[in-house]
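Novice: Structure in structure tokens, see below.
The values are calculated or read from the model by the stated rules, or taken from the named source; none is laboratory data. Please read all numbers here as calculations on a predicted model, not as lab measurements. Using ideal geometry, Cβ is built from the backbone for each residue, glycine included, and neighbour counts are taken over all protein chains shown.
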Amino acid sequence: MKAVILCGGLGTRLREETEYRPKPMVEVGGRPVLWHIMKLYGHHGFKDFVLCLGYKGQVIRKYFLDYHAMNSDFTIRLGTTPKVSYHDHRDVENWTVTLADTGAETMTGGRVARAARHLQGKTFMCTYGDGLGNVNLRELLAFHRKHGKLATVTGVRPPSRFGEMQLRGERVTEFSEKPHQISQGLINGGFFVFEPDFLRYLSEDAGCVLEQEPLRRCAKDGQLMCYQHEGFWQPMDTYREYELLNRLWAGGEAPWRVWKK
């Protein structure tokens with residue numbers, strides 16, 4: 001099953017990191033956040049990806065073209081018949097990656113529609129290239145198949161922007177600066193599953209926004225279901241969130257790291 005990852009946004013709220021690279025290539029723990037998302041999918045057995053490129057897509061193209069060489073020891077023979085021999089594959093993933101140019105300014109729905117030719121008319125997964133979580137993707141797919149509708153969205157509870165103090169009277173019993181899940185209504189956390197017929201709600205028009213008219217019409221038609229995820233979920237929209245994710249990784253406290261290596 002293919003997993004579509006939306007990688008084309010401008011990342012304007014993270015301009016410190018996205019002036020020269022697309023947001024999915026901003027690093028968490030020395031690896032692009034895109035790599036972390038793909039590792040999550042790979043851990044659950046989904047290793048066939050379609051990346052919808054846009055803003056500075058050439059950076060993502062180069063990353064994958066150089067991936068093998070940058071993650072393996074190799075010997076290169078120069079001259080008129082150059083040859084590269086790779087000696088180990090300890091960090092090279094067994095992924096199939098299709099890189100699809102979906103337009104520099106295309107919105108999310110238009111990107112999915114423009115990438116449809118790579119989906120072979122089959123059920124597919126889809127998510128954003130800037131959000132991390134420990135979503136059980138196999139359970140998500142099982143939920144989707146059981147209800148039999150056209151679309152499933154993963155509902156998450158938004159993380160608190162600030163930490164929280166626990167009080168007993170006027171005495172602080174717990175002080176935490178780490179954002180945490182708070183008791184609010186569910187929001188769209190990405191990690192979708194779509195049937196091929198969902199594509200009829202989309203258009204290749206650059207202004208087609210997945211989260212607006214397409215999903216609203218799908219919901220009105222009774223074809224959109226919600227898989228509720230109560231675990232960790234964190235977008236990387238701001239520099240503060242970028243720093244948070246890097247602190248969690250550096251401290252060995254990254255809940256989205258469900259893979260062993």
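Novice: So which residues in segment 108-132 are surrounded by fewer than 24 Cβ atoms within 10 Å (Cβ to Cβ) and in a loop (DSSP other than H, G, I, E, B), if there are any at all?
Specialist: Correct list: L119, Q120, G121, K122, T123.
Novice: Among the residues that make up segment 64-73, is at least one of them touching a strand residue (DSSP E or B) at 6+ places or on another chain (Cβ under 6 Å), of a type outside the set (D, E), part of a helix (DSSP H, G or I) and within 14 Å of A3 (Cα to Cα)?
Specialist: Among the residues of segment 64-73, not one is touching a strand residue (DSSP E or B) at 6+ places or on another chain (Cβ under 6 Å), of a type outside the set (D, E), part of a helix (DSSP H, G or I) and within 14 Å of A3 (Cα to Cα), which makes the answer no.
Novice: Being within 20 Å of the chain's Cα centre (by Cα), modelled with pLDDT of 90 or more and not β-branched (V, I, T) is the filter here, so list the residues in segment 142-162 that pass it.
Specialist: Matches in segment 142-162: A142, F143, H144, A151, G155.
Novice: Would you mind stating whether R61 is touching a strand residue (DSSP E or B) at 6+ places or on another chain (Cβ under 6 Å), free of Cβ contacts under 8 Å to residues at least 40 places away in the same chain, surrounded by fewer than 21 Cβ atoms within 10 Å (Cβ to Cβ) and not in a strand (DSSP E or B)?
Specialist: Yes.
Novice: Within segment 78-134, can you find the residues that are touching a helix residue (DSSP H, G or I) at 6+ places or on another chain (Cβ under 7 Å) and among the basic types (K, R)?
Specialist: The answer is K122, and nothing else.
Novice: Quick one: in segment 232-261, of everything that is out of contact with any helix residue (DSSP H, G or I) (no Cβ under 9 Å at 6 or more places or on another chain) and of a type in the set (A, V, I, L, M), which residue is surrounded by the fewest Cβ atoms within 10 Å (Cβ to Cβ)?
Specialist: The selected residue is A250.
Novice: Considering (1) over 21 Å from V50 (Cβ atoms); (2) part of a helix (DSSP H, G or I); (3) not hydrophobic (A, V, I, L, M, F, W, C), say which one P214 fails and leave the rest.
Specialist: It is condition (1) that P214 fails.
Novice: Check off (1) in a loop (DSSP other than H, G, I, E, B); (2) loosely packed, with under 11 Cβ neighbours inside 10 Å; (3) hydrophobic (A, V, I, L, M, F, W, C) for V92 and give me the number that stays unchecked.
Specialist: Result: V92 passes all but (2).
Novice: Separate question: Between a first residue in segment 223-237 that is part of a loop (DSSP other than H, G, I, E, B) and a second residue that is of a type in the set (S, T, Y), which pairs have beta carbons less than 9 Å apart while being 6 or more apart in sequence or on different chains?
Specialist: Within 9 Å, the pairs are Q223/Y201; H229/T154; M236/Y242.
Novice: Quick one: would you say Y55 is of a type in the set (F, W, Y) and surrounded by 17 or more Cβ atoms within 10 Å (Cβ to Cβ)?
Specialist: Yes: the conditions hold for Y55.
Novice: Just the residues that are loosely packed, with under 14 Cβ neighbours inside 10 Å, farther than 25 Å from G9 by Cα and over 22 Å from the mean Cα position of the chain (by Cα), please, taken from segment 207-231.
Specialist: Across segment 207-231, the qualifying residues are K220, D221, G222.
Novice: Please list, ordered by first then second residue, the pairs with beta carbon atoms under 8 Å, 6 or more apart or interchain, first in segment 188-201 and free of Cβ contacts under 8 Å to residues at least 60 places away in the same chain and farther than 15 Å from R217 by Cα, second surrounded by fewer than 18 Cβ atoms within 10 Å (Cβ to Cβ) and not aromatic (F, W, Y).
Specialist: Listed by first residue and then by second, the contacts come to N188/E211.
Novice: Please enumerate the residues belonging to segment 163-206 that are part of a loop (DSSP other than H, G, I, E, B) and either surrounded by 13 or more Cβ atoms within 10 Å (Cβ to Cβ) or at pLDDT 95 or above (or both).
Specialist: Selection gives K178, P179, L186, G189, G190, F191, E195, L202, S203, E204, D205, A206.
Novice: Can you tell me which residues in segment 34-58 are closer than 25 Å to A113 by Cβ and not in a helix (DSSP H, G or I)? First the steps, then the outcome.
Specialist: Going residue by residue through segment 34-58, those that are closer than 25 Å to A113 by Cβ are 34, 37-38, 40-41, 46-58.
Hits for segment 34-58 are F46, K47, D48, F49, V50, L51, C52, L53, G54, Y55, K56.
Novice: For the list (1) crowded, with 16+ Cβ neighbours inside 10 Å; (2) closer than 22 Å to F198 by Cα; (3) in contact (Cβ under 8 Å) with a residue 60 or more places away in the chain, I need the number of the one condition that H36 fails.
Specialist: (2)
Novice: Taking D130 as the residue in question, decide whether it is acidic (D, E) and touching a residue at least 60 places away in the same chain (Cβ under 8 Å).
Specialist: Yes.
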